[in-house]
Every structure is written in C-alpha cells, then in structure tokens.
Amino acid sequence: MLPLFLKKNTRSFEQSFYIGKFSVNHTYDIWHNHSELEFLHVLHGSGTRFIGDSIESFSSGDLVLVGSNLPHVWRSDKIYYEGVPEIQAELILTQFTKDFAGKDFFSLPEMISVQELLEDSNQGLQILGETRDIVSGRLVKLVAMEGGEKLLEFIQILYFIAKTKEYRKLSSVGFVDSYQSKGSNRINKVHDFIMNNFMEDITLKEAADIANMNETAFCRYFKSTTLKTFTQFLNEVRIGYACRLLLHEDLNISGIGYECGFKNISYFNRVFKNSLGITPQQYQRKHLVS
C-alpha cells in the first residue's frame, strides 16, 4: 500500500477552516499525513489510534489535535467492520492551516499562547479533563455556526485550550525529528503492512521485503526512524489492540492473546506487563465496571 499525503480543502470563498460531523461505518484507517492541522473528536466509537510513535486505545469522548505533517491513523475496533447498520462511529472533524486566521495573527502578543499550542501539536495532543468536556460541547455547537461567529468561536476554542494547558503530548520529539529528516515512504509502507496484518504471524523478513531492504539494513533503518525495534513496534500495536479486547470482547485472556497475534500466551503476558506495568488480568479488573 502506498503512503498517503492528503491535501485538504480547508479554505474557500465561504470558509477559512473546515469542520464537519459524521456518522461512518469506521474511522479512516490508512496511515497518512497532511500539512493541515486536525482536531478529531470521537463522539462515539472505540479502537486504536496511532499518532507518530504513540500507540493508544481510544473510546467515546477522545479529543486529539494532530499537528502539521504528523503521520496518524485511527483504526476502529473489529466490530465496526462487520457491517451492522446500528454500529457507527460518530465524529467531529476539524481541519485548518496554521495561517487560517491570517499570516501573522498568532504572532500577535495576545495570541502567543495559541502559537505555542500549535507548536506543541507537532507531537500530537490529547485534550484532557474539564477542558475536553467543555471543548466537546463547543465543537458540537460550532458545527452549526456560520460566518464570523463561527470563525471567532473557533479561535476562542484554541485560545481556551492554550490557556488551560490541560493536554498531554503523544508522540516523542525524537520520532518527529527523525521522521521529518529521514523521509517517510519506506516506513509508511511498513506501518500499513503491520496495521493490516498484526493479527497474523508477521516475520522480520516480510517487513524487510516490504521496505525493499535486507534484514540487517532494515533493522537499522527502522530503529533510527521510529526509535524502536521492529519487534517493539509490532508488540505495541498488538498490546494496544489487546487493551480494547480486554474491555469490549467476550474472550478469555488466552483467546485475546491469540487474537492479537501472539502465538505464546506466556510471552503475551510478559510483553503486556512490560508495556503497562500490570498483567492483562489486572488491566481488565482495573478498567471494567461491574
């Protein structure tokens, strides 16, 4: 699968940025990037999101700001691919350029905090706590607004997030710097291959072949680009998926391990605990509401 750089139509004679509310079978599930910044607010849905080198589960209420050219993808849980009309992902998507309000607008003294927010978004930001709840309601209202009221409200939303600073960075600085400096074509192909096949028995040779490299060169390249070994990255994808299954699927621990691509359950338990500090059973007890 070829890597995708997507050009968005965020500006026109009628609008300076784009916002829309959607109900879809599943989230857009191709690893991609674009020059526009993006808010994705999940009103209803669950799955695993990848923001740079951050791999985490998402659920209803998740709100993330993705910076310019930062590769990302939200992949819905398996149930969303089964074609059940009643099961839909509901999203609010907002996309905008850094200069949507004017070339130097965010350089004004009063807007420096927003400029810093946009710079922080280069690593991807998850909006948290009360700020997330307030912004969620404002985004829902923003969808229906028009004209100057719509523009001013969006600027106020950015300003509000910037002032509360109630967010956390997702991707590492090292990944962002490495990704931008080394190019992305090969790593995008490998990422898509992993995303589409992580439940199977993927070998290092298969991944190296996708990148058109020998295994030794591929290992060096993958580590220098992602700051993780191929095995570490693959296991993180599988563990992220396992977290969703532990909360939403009627499977036992062994079944979940096999479903995620682990062929040895002892190894699954060990990798899970090394990643999250607790066992799958402890994770399940901690997060499931009785």
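Each reported figure results from applying straightforward, stated rules to the coordinates on display, with no laboratory input. This structure is a prediction, so every number in the text was calculated from the model and none was measured. Cβ placement follows ideal geometry from the backbone for every residue including glycine, while neighbour counts extend to all protein chains displayed.
Cβ neighbours within 10 Å, averaged per peptide: list 34-45, 101-112 in order, most packed at the top.
Per-residue mean Cβ counts within 10 Å order the peptides as 34-45, 101-112.
Can you tell me how much longer the chain between Thr203 and Arg285 gets when fully stretched, taken as 0.36 nm per residue apart minus their C-alpha distance, in nm with one decimal?
26.2 nm
Pick from Leu125, Leu234, Leu63 the residue whose mean-square fluctuation is largest in a GNM of the chain, springs joining Cα atoms under 10 Å.
Between Leu125, Leu234, Leu63, it is Leu234 that shows the largest mean-square fluctuation.
Over the Cα atoms, compute the radius of gyration (one decimal) and Dmax (the largest Cα-Cα distance, rounded to a whole number) for segment 4-169, in Å.
Reported Rg and Dmax, both Å: 15.4, 51.
Would you please give the residues with an amide H less than 5 Å from that of Glu36, counting only those at least 5 places away or on a separate chain, with H modeled from the backbone geometry?
Amide H neighbours of Glu36, under 5 Å, 5+ apart: Lys8, Asn69.
Quick one, which of (i) 19.8, 65; (ii) 19.8, 59; (iii) 18.9, 60 is the actual Rg and Dmax of the Cα atoms in Å calculated for this model?
So the structure-derived entry is (ii).
Figure the gain on full extension for Phe160 and Glu86 (residue separation times 0.36 nm, minus the Cα-Cα span) and round it to one decimal in nm.
That works out to 23.1 nm of additional length.
Looking at Ile112, Ser59, Val190, which one has the Cα that reaches farthest to the positive end of the dipole of the chain (charges on Cβ: Lys, Arg +1; Asp, Glu -1)?
Sorting the options by dipole projection puts first Val190.
Output the direction-averaged projected area (hull surface divided by four) of the convex hull of the alpha-carbon atoms of segment 183-287, in nm².
Computing the convex hull of the Cα atoms and averaging its projections yields 6.7 nm².
Of all beta bridges DSSP finds with both residues in segment 2-153, what is the antiparallel percent, to the nearest 5?
Among the beta bridges of segment 2-153, antiparallel pairing accounts for roughly 95 percent.
Fully extended, how many nm does the chain gain between Lys103 and Leu247 (0.36 nm per residue separation, minus their Cα-Cα distance)?
Full extension of this stretch gives 47.3 nm more.
If the reach is capped at under 15 angstrom between alpha carbons, list the aspartates and glutamates near Lys150, excluding any in the same chain fewer than eight residues apart.
Lys150 reaches Glu14.
Pull out a ≥ b ≥ c, the square roots of the eigenvalues of the alpha-carbon gyration tensor of segment 10-90, then state rounded if a/c is under 1.5, prolate if not and a/b is larger than b/c, and oblate in the remaining case.
oblate
With each pseudo-label sitting 7 Å past Cα toward Cβ, what's the Thr216-Glu56 distance in nm, one decimal?
3.9 nm
For Cα pairs less than 8 Å apart in space and 6+ apart in sequence, what is the mean separation divided by the residue count of the chain, i.e. the relative contact order in percent?
Computed value for the chain: 18 percent relative contact order.
At a Förster distance of 51 Å, what's the computed FRET efficiency of Tyr258 paired with Glu130, Cβ-Cβ distance as r, to 0.05?
After rounding to 0.05, the efficiency reads 0.80.
Pop a pseudo-label 7 angstrom from the Cα along the beta-carbon direction at both Glu146 and Ile112 and give the gap in nm to one decimal.
3.9 nm
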